[in-house]
Amino acid sequence: MSNQKPSLPKGTRDFAPKVVHKRNYLIKVIRNVFEKFGFQPLETPTMENLSVLTGKYGDEGDQLIFKVLNSGDYLSKANSNLAEITSHQLTPQIADKGLRYDLTVPFARFVVMNRNEITFPFRRYQIQPVWRADRPQKGRYREFMQCDADVVGTRSLLCEAEIIMMLNEIMSALGIEGYEIVVNSRKILTGMATYLGHPGEESALCVAIDKLDKIGTDGVFKELKEIGYKKLELNKLEPIIELTGSNKNKLAKLREIFGTNAPAQAGLVELEAMFSFVENMKGILETVTFDPSLARGLSYYTGIIFEVKMKDGSIGSISGGGRYDNLTGVFGLPDVSGVGISLGIDRVYDVMETRNLFPEDITSTTKVLITNFGKNEEAYALEQLNILRSNGVAAELYPDAAKLKKQMSYANNLNIPFVILIGSDEVANKNLTLKNMNTGEQSTLSISEVVKKLAQNK
RNA sequence: GUGGUCGUAGUUCAGUUGGUUAGAACGUCUGAUUGUGGUUCAGAAGGUCGUGGGUUCGAGUCCCAUCUUCCACCCCA
């Protein structure tokens, strides 16, 4: 057998122990906030039937779904002449499953399938990996973890307000500053398209104005011209996307501008209501920016939409979400409104890592290492090890009677905060030498004193 | 999916117009120190130069293909 070089599929990664510790910390903080807001955990399968996934993310989204080849002699069951069809046409004949593309659609599927068991309104959070056959870039992977929280079965804008509260709380719990929660409403975008003389064409409008940050007003206008916008219409758009001032100011000005435009006015009213809910909860609004040019988000959003981004622009958005009125409709359950957000923890991780925001003590699970001096001390050491563990102190004994230097560097490299030395003196005196690896302090103690110290030091 | 880019030790990178034995730093291991890690000093190990072809007397260096990385577009966490 020839030697084969091991490799990973494009856009996937291993996570070494120290990285997993940090990711777990991140997930723990986010989960705690989700649960504090009353969300319940849900998990769904890695694979969904392709019929569940396709058609939910637009044509381009469908291309990005990883398909799972059918088992068995799948070709004989495909009833086409291979030479005569495109790969695109062949796919549905040889694959009927696909990898989860996001967490929202599987959630919608779950809600429909379990509608009789679920008590509405249903708040659930879900933290699982998703897969996209995208071309990788920095902060873009083919396998990545999403943290979603959604509420379905209510149209109350209180839910939108709580999402703002949650996002603020997650960011402050992680110690991340310099972020911005950008909000807008799909209804404003719909109204805007009509106002500009292009009713029903808001998706083309969205694609263009969403790039405002990147290509500027001139760039956006150039793109819009290419899809048929006239000078006069662009003149009407300009004051809208160049609005400045406080959120309240922008909302007030837009109410004037849009006049009797019903969808736009409805969107503005909703945003005002959301802001006032946040104020009543004593929430923070300084981090929230209303931006009528925010247009991102999947096609299923129908109300208020959110995006969290870093002000320094160091990475793409770290969270996105919004309200959707009819996600379950395609599965036969109409009129269930929901609102949710999705956090990309790989991106949050990158932000935390570059800013050094991870606490130092999270990269070790072991609290104390007992050094191994050899046969004579072994029985006593094992006894102490057992006592530590049965008192809930994460402890390990170095497995070989290696040089102390080696054992100490082992503890040092793994960030184990304490080391217990058990040599002939300790065995004879029935005590332990405990060394604090951070301060270098060392003291002779009884096992009960050590347990007390390490248990409280949690 | 379109266009470009990168790949040399575990890691980050040098490597001249193609020329003998491919270097450094950090990390690792050993010793200075047989009961003490982080600092210091001495030494050692570690490479099919991403992979496969080609040009050449000779390729890390040039050409082609392929994989990977990163970037722009598209889209998105």
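The values are calculated or read from the model by the stated rules, or taken from the named source; none is laboratory data. Here the structure is a predicted model, which means the values were calculated and not measured. Virtual Cβ from ideal backbone geometry, glycine too; neighbours counted across all protein chains shown.
Conditions (1) among the charged types (D, E, K, R); (2) over 26 Å from A:V152 (Cβ atoms); (3) not assigned by TED's automatic domain parsing to the domain that holds A:F107, marked per residue:
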{"position": "A:V29", "(1), (2), (3)": "no, no, no"}
{"position": "A:K36", "(1), (2), (3)": "yes, no, no"}
{"position": "A:L64", "(1), (2), (3)": "no, no, yes"}
{"position": "A:G72", "(1), (2), (3)": "no, yes, yes"}
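Every condition in (1) modelled with pLDDT of 95 or more; (2) surrounded by fewer than 23 Cβ atoms within 10 Å (Cβ to Cβ); (3) part of a strand (DSSP E or B); (4) not polar (S, T, N, Q) is met by A:E180 except one, and the failing one is (1).
Listed here are the residues, each with its yes/no results for (1) within 14 Å of A:I163 (Cα to Cα); (2) polar (S, T, N, Q); (3) away from RNA strand B (no atom under 16 Å from the Cβ).
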{"site": "A:L268", "(1), (2), (3)": "no, no, yes"}
{"site": "A:F275", "(1), (2), (3)": "yes, no, yes"}
{"site": "A:V278", "(1), (2), (3)": "yes, no, yes"}
{"site": "A:V308", "(1), (2), (3)": "yes, no, no"}
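In summary, A:T190 fulfils each of the numbered conditions (1) within 13 Å of RNA strand B (Cβ to nearest atom); (2) polar (S, T, N, Q); (3) at pLDDT 90 or above with the single exception of condition (1). If you check A:A108 against the conditions, is it assigned to a loop (DSSP other than H, G, I, E, B) and among the hydrophobic types (A, V, I, L, M, F, W, C)? Against the criterion (assigned to a loop (DSSP other than H, G, I, E, B) and among the hydrophobic types (A, V, I, L, M, F, W, C)), A:A108 does not qualify. In segment A:278-324, the residue that is nearest to A:K214 (Cα to Cα) out of those that are more than 22 Å from the chain's Cα centre (by Cα) and charged (D, E, K, R) is A:D291. Are any of the residues in segment A:169-183 assigned by TED's automatic domain parsing to the domain that holds A:E307, away from RNA strand B (no atom under 16 Å from the Cβ) and of a type in the set (D, E)? Scanning segment A:169-183 turns up at least one residue that is assigned by TED's automatic domain parsing to the domain that holds A:E307, away from RNA strand B (no atom under 16 Å from the Cβ) and of a type in the set (D, E).
Table: residues versus (1) within 16 Å of RNA strand B (Cβ to nearest atom); (2) at pLDDT below 95; (3) of a type outside the set (D, E); (4) over 15 Å from the mean Cα position of the chain (by Cα).
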{"position": "A:R124", "(1), (2), (3), (4)": "no, no, yes, no"}
{"position": "A:A133", "(1), (2), (3), (4)": "yes, yes, yes, yes"}
{"position": "A:P136", "(1), (2), (3), (4)": "yes, yes, yes, yes"}
{"position": "A:R140", "(1), (2), (3), (4)": "yes, yes, yes, no"}
{"position": "A:D148", "(1), (2), (3), (4)": "yes, no, no, no"}
{"position": "A:S156", "(1), (2), (3), (4)": "no, no, yes, yes"}
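Assess whether A:V368 counts as being touching a strand residue (DSSP E or B) at 6+ places or on another chain (Cβ under 7 Å), β-branched (V, I, T), closer than 30 Å to A:E307 by Cβ and away from RNA strand B (no atom under 12 Å from the Cβ). When the stated conditions are applied, A:V368 does not pass them.
Against the test of being more than 14 Å from RNA strand B (Cβ to nearest atom), under 21 Å from A:S342 (Cβ atoms) and either of a type in the set (A, V, I, L, M, F, W, C) or buried (at least 16 other Cβ atoms within 10 Å of the Cβ) (or both), the options A:A108, A:A95 yield a single qualifying residue, A:A108.
Among the residues making up segment A:23-45, those that are away from RNA strand B (no atom under 16 Å from the Cβ) and modelled with pLDDT under 95 are A:N24, A:Y25. Within segment A:355-377, being modelled with pLDDT of 90 or more and not in a loop (DSSP other than H, G, I, E, B) holds for A:V368, A:L369, A:I370, A:K375, A:N376, A:E377. Pull up segment A:316-344, narrow it to residues that are within 8 Å of RNA strand B (Cβ to nearest atom) and of a type outside the set (S, T, Y), then point me to the one that is nearest to A:R155 (Cα to Cα). The qualifying residue nearest to A:R155 (Cα to Cα) is A:G321.
Only residues that are crowded, with 17+ Cβ neighbours inside 10 Å and either within 15 Å of RNA strand B (Cβ to nearest atom) or not assigned by TED's automatic domain parsing to the domain that holds A:F120 (or both) were counted across segment A:1-22, and they come to 1.
Residues checked against (1) touching a helix residue (DSSP H, G or I) at 6+ places or on another chain (Cβ under 8 Å); (2) closer than 30 Å to A:L26 by Cα; (3) surrounded by fewer than 23 Cβ atoms within 10 Å (Cβ to Cβ):
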{"residue": "A:S185", "(1), (2), (3)": "yes, yes, no"}
{"residue": "A:A193", "(1), (2), (3)": "yes, no, yes"}
{"residue": "A:L212", "(1), (2), (3)": "yes, no, yes"}
{"residue": "A:F221", "(1), (2), (3)": "yes, no, yes"}
{"residue": "A:K225", "(1), (2), (3)": "yes, no, yes"}
{"residue": "A:K230", "(1), (2), (3)": "no, no, yes"}
